Amino acid sequence: MSSVPKETIEVIAQSIGITNLSPDVALALAPDLEYRIREIMQESIKCMRHSKRTFLASQDVDTALALRNLEPIYGFTSNDPMRFRRAAGHKDLFYVDDKDVDFKDLIEAPLPKAPLDTSVTSHWLAIEGVQPAIPENAPPEAPSEIRKPEYKEDGLPVDVKLPVKHVITKELQLYYDKITELILKKPGSIPFRRALVSLATDSGLHPLVPYLSHFVADEVAQNLNNLPLLFALMRLVRSLLQNPHIHIELYLHQLMPPIITCIVAKRIGNRLSDTHWELRSFSANIVASIIKRFGHVYHNLQPRVTKTFLHAFLDPTKSLPQHYGAIKGIAALGSRMVRSLIIPNLEPYLHLLEPEMQLEKQKNEIKRHAACQVYGALLYAVGQCMHEKVKEFSSFLFPFNATSRGNGKVVTAMAGKRKATTDNLMQQQQPPLKKIAVDGPVGLIPMNSTMMGISNIGMSSSGRQLANDNMPGREVEAQQPKVSSILAQAWKDDMDSGHLLSSLFELFGESLLSYIPKPEACIFL
């Protein structure tokens, strides 16, 4: 029994002009029609599966007909869905509304515009945050509908324009919202640390820099009592500075005030257990890195920052935490700033600080702790300064390591791979330095008398002989003034450092000696 009724066969026969088809013939053709339809559909499904699809398309049926050497279906396919309309007078009968197109109307219709050739061009969207005025970019000025009309004020024409709305992508907006949420709600979590890594490495964050800098400035001004939030904001600034793809110098005028505030603010945090000392030190290192990176571009950056720190350090009305931040800020700028700003004012400042550290004179434990922190900051700054100063002239005292080659000549290997000169050859004949114990508060040896005597002896006898053997006479004569000037500068630095160490030892005691390297400490002890 076929699922195709005989009436369908009769309708098909009438459509091709056969009107006298008997019912028995229609009943015999119905099973054959069903078989042919099933065969075509099976072939169509095979084509669908070979095309890696899960839905049957009209091209699958056309392919199946072509495989059976049958005439394909005439017409065209469309991606648009077919629109069915209900037949009038029939509830469940629908048909496709296919309009007839007149060839005359189709021929007389205007031709469409020819499509442009496919091409790829490149242009600058922004250069260092500034959008160039080129035809490919939208005009940077406000549209005409939001401009206010011109009016005259005091006889002068004035054109008032509203600010241009800065549009950023949806992805950057979500990124900004996520960063601010982590800073405000989860400043110490693992996702926040991953966000800091992203801020320090991603290359597409430059449009967010003005928003982040404004966010840092606002949050620091409003949350000085929230120490974890301030730490998170400073870590955010450090990550932005570490990102090589961001031109952060355009926004230093917004970032420097909140960073300086975290260094010399009068009060940070609202609990006694808050370690605001670490925040001040951390922020001071950020300022030092900014000056080291952009100090040659903005020549007034370091003088203004130094003036701020010096004013906070020398003002007796400022609190001890403010003094601590100023000392840390100056120390982060380098040993030269410490020698110029802190050491000349060190003795009177310590006279005022010592009573604050004594239990008999200061009963407030919080103030005593703050005074000890300031004393430790001073000791660290001065100790690091002396450490670098001693390292500078130590190369004059231990400058070489003598090695021999196969040809029998002595080669002097200077530190820093310098060539051998006459002063190095002279020092090879000098006896080793001896530790001399003298009476005095520090125990310094008179370097200008003892060492200069040794150098003159070496110069007059064996030093000249070795120099004449290894170098031409004209080179020796030309280098004699240079050698004497280098030695004179070395002895002068030696004496200055010795006197400075002596005065600092009187102020800090033996705790200062821990900052002096052991090989160089034998010079002074």
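The values are calculated or read from the model by the stated rules, or taken from the named source; none is laboratory data. Owing to the predicted nature of the structure, the values given are computational and were not obtained by experimental measurement. No Cβ is skipped: glycine too gets one built from the backbone with ideal geometry, and neighbour counts run over all protein chains shown. These area figures cover heavy atoms from the full protein model, side chains too; ligands, DNA and RNA do not enter into them. Shrake-Rupley method; radii C 1.70, N 1.55, O 1.52, S 1.80 Å.
Determine if the range 213-225 includes at least one residue that is open to solvent by less than 70 Å² (accessible area, probe 1.4 Å) and over 25 Å from Leu174 (Cβ atoms). Yes, the range 213-225 has at least one match.
In the range 254-266 there is at least one residue that is free of Cβ contacts under 8 Å to residues at least 40 places away in the same chain and either surrounded by 14 or more Cβ atoms within 10 Å (Cβ to Cβ) or on the phi < 0 side of the Ramachandran plot (or both). The set of residues in the range 324-358 being under 22 Å from Thr261 (Cβ atoms) and assigned to a loop (DSSP other than H, G, I, E, B) consists of Leu333 alone.
State which residue is farthest from Leu250 (Cα to Cα) when the search covers only the range 180-212 and only residues that are open to solvent by less than 40 Å² (accessible area, probe 1.4 Å), outside any helix (DSSP H, G or I) and in contact with a Phe, Trp or Tyr (Cβ under 9 Å, 6 or more places away or on another chain). Only one residue tops the list, namely Pro187.
Residues considered: Ala28, Ala88. Of these, the only one that is out of contact with any Pro (no Cβ under 8 Å at 6 or more places or on another chain), under 20 Å from Lys6 (Cα atoms) and open to solvent by 60 Å² or more (accessible area, probe 1.4 Å) is Ala28. For the range 352-369, the condition of being modelled with pLDDT of 80 or more and under 30 Å from Gln302 (Cα atoms) holds for at least one residue.
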